[in-house]
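Derivation of every value follows stated rules applied to the coordinates shown; laboratory data play no part. Given the structure is predicted, the values throughout are model-derived calculations rather than measurements. Cβ placement follows ideal geometry from the backbone for every residue including glycine, while neighbour counts extend to all protein chains displayed.
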Amino acid sequence: MKFLFKILTMVVLTTPIFSCQKEVPTRSGLFAVIETDRGDLILELYPQAAPKTVENFTRLAQKGFYKDIKFHRVIPDFMAQTGDPQGTGSGGPGYQFEDEISATALGLDKTTLREAPHYARQAQQYLLRKHSVGSEEQFQKMQRELNKEYEKMLDWPVARVLELAGYKYQNELPSKKALKGALAMANAGPATNGSQFFINQVDTPHLDGLHTVFGQLEAKSYPVLDAIIAAGNGNSKIKQVSIIDRR
């Protein structure tokens, strides 16, 4: 696998207590109901896996932050993203906070870059930064050296590669994988979480270790998610987000 200079970005660049609880599972847990104009998205939140992230989401939800915010970015067979009050993908709550991800819980300490080539972008970004490559001309001069270093990295654990790329892991956390229905934080790189989040329509293993997963959509809400994605960018919106604590 050769080093690619042109890199495609795939950055998957939150109200009062819900009065009608009949749609929420009766089991113990912390739940969120995202009421949309397409129906309700019912999710279980994971405070043990991502305590600060869940606290941030529930606090914003209870303040009414997410009211009338659109699903500004939806991609079929991928995910639906929302949480930006500007509706552009660049807005947030006015602050950022760190990721809550365990590389060991996700198995990234035992998987090599060769086995998971979808992390090539992070490896390549690290090498460009390491060598201060900022132009096409500089890249052309260093291409052979960059390719040689990249080939060596192929046998490194993914966790090591991502840590070099700037990610910091909290390996005591019981992190969840980015499976179908996963609720995760959208970001612009390491430690850039705010208010934006996405819900997976499919499994996205290429996002493990890059985005904090802090909840899971209930299966009965999958048709609502599908409808939001089918409607296209900006054509669905949140009415309110309610938090129900049954712990």
With a Förster distance of 25 angstrom and the Cβ-Cβ distance between Asp109 and Glu145, calculated FRET efficiency to the nearest 0.05 equals 0.35
Once amide hydrogens are built 1.01 Å from N within the peptide plane, the residues lying 5 or more places from Leu30 or on another chain with amide H under 5 Å from its amide H are Leu45, Arg246
Among (1) 71, 62, 34; (2) 54, 40, 39; (3) 63, 35, 31, the value of Cα extents along the principal axes in Å computed for this structure carries the label (3)
For segment 117-156, the Cα gyration tensor yields equivalent-ellipsoid semi-axes (√(5λ), largest first, whole Å) of 18, 11, 8
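What number, rounded to the nearest 500 deg cm²/dmol, is the helix-based mean residue ellipticity at 222 nm of the chain, given -39500 (n - 2.57) per DSSP H run of at least four residues and division by all its residues?
Theoretical 222 nm ellipticity from helices: -7500 deg cm²/dmol.
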Spelling it out for Met79: with amide H atoms placed in the peptide plane at 1.01 Å from N, the residues 5 or more places away or on another chain with amide H under 5 Å from its amide H are Gln201
